[in-house]
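Some notes on the structure that comes next.
The values are calculated or read from the model by the stated rules, or taken from the named source; none is laboratory data. Note that the structure is a prediction, hence the values are computed from the model and not measured. All Cβ positions, even for glycine, are placed from backbone atoms using ideal geometry, and neighbour counts span all protein chains on display.
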Amino acid sequence: MIKVTKLTKDYGARRAIDNLSFHAERGEVIGFLGPNGAGKTTTLRILSGYMPPTFGKAEIGGFDVVDQSLEVRKIVGYLPETVPLYPDMTVFEFLKYKADLHHIPNAEDRVDEVLEMVDMLDRSEGYIAALSKGMRQRVGLGQALLHKPEVLILDEPTIGLDPAQIIEVRNLIKRIGKERTIMLSTHILSEAQQVCDRVLIINKGHIVAEDTPERLQSRLAGSQRVELRIRKNSEEAMPLIKKVRGVTNVTVTTDDLLEFEMGANQDVRPNVARAIVQGGFDLLEMKQNTLSLEDIFLELTRDETTPPSLKDRADQP
């Protein structure tokens with residue numbers, strides 16, 4: 001549904017995104033992660049038809065986002081980071097107005113359906129000016145869903161929501177993502193880990209990683225750490241653990257736990273457990289520590305070198 005090839009955008013002398021290439025299929029929820037200024041919002045604005053790229057090509061549903069912009073807008077729902085709303089309208093009036101712009105049949109019924117989806121039925125007659133930021137965000141999500149788009153582009157969809165509302169929006173994204181393509185940017189890394197089928201990590205205008213959260217964890221973890229809790233005399237069990245083939249770097253942590261490392265493609269936990277029990281120790285807990293998406297994100301974006309500029313423009317088409 002989404003195909004991006006060598007997408008580049010310049011703002012004057014600054015290059016915001018540089019030769020981005022990626023794709024997204026129907027039924028996929030794609031997370032777009034990166035620090036502030038990495039190029040996330042610029043990319044989403046280009047995909048939604050809000051602005052053209054400087055170079056490169058982007059297609060949605062087979063339509064070019066520049067040359068066939070109107071066709072793209074018919075199949076895309078877009079929630080920008082700052083939702084443009086009319087404060088003097090009621091929630092229902094605003095969504096009805098948006099539905100009429102899309103020439104949606106039975107517009108009032110569709111508005112009611114969307115209001116129920118975003119849990120705003122009880123505020124339908126309230127004025128937008130009186131809504132909290134979180135509620136305005138839900139109205140913005142509602143207008144993006146009105147015309148039943150095949151592709152949803154969401155820029156920070158849960159910003160300003162309380163914890164209960166965040167869970168509701170996450171569940172909504174999971175549900176509608178089964179039959180649509182969804183691309184969302186977020187700063188909440190745990191959110192991407194829970195909701196997204198695949199993540200793209202962008203830094204200084206370049207994609208630095210692309211895969212499922214699980215595969216990224218596996219690829220970046222050169223070794224796996226395992227914590228052990230043993231009843232009393234933890235240090236006395238260290239020699240037993242060190243003798244197990246595949247175990248490296250056995251230490252005692254500040255919490256009086258034992259910790260050891262094993263290769264990324266090895267699992268020696270059963271052997272370690274057997275050695276401890278046979279050595280006369282009580283094994284109370286064994287826990288494997290894996291890289292979180294936050295660890296991966298920090299690892300891939302910690303380099304703070306100068307962002308790309310137009311000095312490389314001669315290399316562009």
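Residue by residue through the stretch 90-110, note down the ones that are touching a Gly at 6+ places or on another chain (Cβ under 8 Å), of a type in the set (Val, Ile, Thr) and closer than 13 Å to His147 by Cα. Don't jump to the end; show me each part of the working.
Keep residues of the stretch 90-110 that are touching a Gly at 6+ places or on another chain (Cβ under 8 Å), which gives 90-91, 95.
Those still in the list that are of a type in the set (Val, Ile, Thr) too: 90-91.
Of everything in the stretch 90-110, nothing turns out to be touching a Gly at 6+ places or on another chain (Cβ under 8 Å), of a type in the set (Val, Ile, Thr) and closer than 13 Å to His147 by Cα.
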Task: Residue identified as surrounded by fewer than 20 Cβ atoms within 10 Å (Cβ to Cβ) and assigned to a helix (DSSP H, G or I) among Glu179, Glu210, Glu191, Glu168 - done: Glu168
Task: Matching entry among Ser132, Ser190, Ser185 (being within 21 Å of Met1 (Cα to Cα) and hydroxyl-bearing (Ser, Thr, Tyr)) - done: Ser185
Open item on the list: Considering only residues that are within 16 Å of Pro149 (Cβ to Cβ) and either without any contact (Cβ under 8 Å) to a residue 60 or more places away in the chain or under 16 Å from the mean Cα position of the chain (by Cα) (or both), which ones fall in the stretch 29-57?
Closed with: Val29, Ile30, Leu44, Gly49, Tyr50
TODO: Among the residues of the stretch 213-269, write down those that are at pLDDT below 85, among the aliphatic types (A, V, I, L, M) and exposed (fewer than 15 other Cβ atoms within 10 Å of the Cβ).
DONE: Ala264
TODO: Scan Arg26, Arg73 and give me the residue that is surrounded by fewer than 21 Cβ atoms within 10 Å (Cβ to Cβ) and assigned to a loop (DSSP other than H, G, I, E, B).
DONE: Arg26
Task: Failed item in (1) under 25 Å from Arg136 (Cβ atoms); (2) in a strand (DSSP E or B); (3) in contact with a Lys or Arg (Cβ under 6 Å, 6 or more places away or on another chain), with Tyr78 passing the rest - done: (3)
- [ ] Would you check if there is a residue in the stretch 48-69 being of a type outside the set (Phe, Trp, Tyr), in a helix (DSSP H, G or I) and in the same structural domain as Leu141 (by TED's automatic domain parsing)?
- [x] yes
Task: The one condition in (1) surrounded by fewer than 18 Cβ atoms within 10 Å (Cβ to Cβ); (2) within 23 Å of the chain's Cα centre (by Cα); (3) at pLDDT 95 or above that Val65 fails to fulfil - done: (1)
TODO: Please state which one of Asp119, Asp109 is modelled with pLDDT under 95 and not polar (S, T, N, Q).
DONE: Asp119
Task: In the stretch 114-146, the residues that are surrounded by 15 or more Cβ atoms within 10 Å (Cβ to Cβ), within 17 Å of Ile176 (Cβ to Cβ), of a type outside the set (A, V, I, L, M, F, W, C) and out of contact with any strand residue (DSSP E or B) (no Cβ under 7 Å at 6 or more places or on another chain) - done: Asp119, Gln137, Arg138, Gly142, Gln143
